[in-house]
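Written out below as structure tokens is the structure these notes cover.
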Amino acid sequence: MASTNDIKNGTTLRLDGGVLWSVLEFQHVKPGKGGAFVRTKLKNVLTGKIVDKTFNAGARVEFASVDRRDMEYLYHDGESFIFMDTQTYDQIPVSATVVGDNSDFLLENTKVTVATNEGNPLYVELPAAVELEITQTDPGVQGDRSTGGTKPATVQTGAVIQVPLFITEGERVKVDTRTGDYLGRVN
């Protein structure tokens with residue numbers, strides 16, 4: 001147990017009967033009247049839900065140890081994704097619910113960060129951008145518009161993204177893994 005004075009951005013707290021929350025923002029507030037308090041913005045590690053929570057200054061909170069390791073994605077065996085620790089070469093299965101929407105941009109041999117708590121995988125962090133090949137897209141047709149147009153394109157992982165009209169099948173593009181936005185062509 002530690003006090004609210006030890007809260008920092010990025011720390012993980014165990015609240016409400018064992019639920020893990022990651023601290024996104026915190027602010028120590030000392031009003032002119034009344035006691036000091038700590039205002040925080042917390043993200044549920046498992047569900048991704050973001051909430052605001054206020055603690056009295058000096059209140060006791062439980063910190064959780066989260067082990068973040070660099071791993072490499074190997075393959076999908078049908079029910080879970082298999083990752084390998086790049087230092088120990090241990091392989092761990094991670095369920096599809098933990099990987100979530102990240103599977104749309106996950107290619108074999110991609111380096112990722114896997115966070116675990118007491119051996120249980122919590123979440124998978126992809127690099128900010130990945131390079132993917134366009135496997136299917138319709139030809140772009142110029143028309144009456146004042147700004148550049150976009151069209152849907154399917155990438156090699158099966159995800160559908162919006163790309164400019166000049167992109168054709170077989171081209172490699174850079175995609176933002178957080179938003180799914182097209183970032184540019186790759187030569």
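The values are calculated or read from the model by the stated rules, or taken from the named source; none is laboratory data. Computed from a prediction, not measured in an experiment: that's the story for all the values here. Because the Cβ atoms are built from the backbone with ideal geometry, glycine has one as well, and the counts that use them run over all protein chains shown. When the accessible area is computed, the model is the full protein with side chains, heavy atoms only, and any ligands, DNA or RNA have been set aside. Shrake-Rupley method; radii C 1.70, N 1.55, O 1.52, S 1.80 Å.
Of note:
- For segment 1-29, the set of residues classified as more than 20 Å from the chain's Cα centre (by Cα), assigned to a loop (DSSP other than H, G, I, E, B) and free of Cβ contacts under 8 Å to residues at least 24 places away in the same chain consists of 16, 17, 18, listed by residue number.
- Residue list for segment 18-56, filter: in contact with a Gly (Cβ under 8 Å, 6 or more places away or on another chain) and open to solvent by 50 Å² or more (accessible area, probe 1.4 Å): 56
- Segment 73-95, subset touching a helix residue (DSSP H, G or I) at 6+ places or on another chain (Cβ under 9 Å) and not hydroxyl-bearing (Ser, Thr, Tyr), residue surrounded by the fewest Cβ atoms within 10 Å (Cβ to Cβ): 79
- Residue in segment 98-117 that is of a type in the set (D, E, K, R), touching a Lys or Arg at 6+ places or on another chain (Cβ under 9 Å) and open to solvent by less than 70 Å² (accessible area, probe 1.4 Å) present: no
- Out of 135, 157, one residue alone is of a type in the set (Ser, Thr, Tyr) and more than 27 Å from residue 49 (Cα to Cα). It is 135.
- Selection status of residue 60, more than 30 Å from residue 89 (Cβ to Cβ), in contact (Cβ under 8 Å) with a residue 24 or more places away in the chain and touching a Ser or Thr at 6+ places or on another chain (Cβ under 7 Å): yes
- Within segment 102-109, one or more residues are within 14 Å of residue 181 (Cα to Cα), modelled with pLDDT of 85 or more, of a type in the set (S, T, N, Q) and within 19 Å of the chain's Cα centre (by Cα).
- Residue 8 vs. criteria surrounded by 14 or more Cβ atoms within 10 Å (Cβ to Cβ) and over 25 Å from residue 131 (Cβ atoms): no
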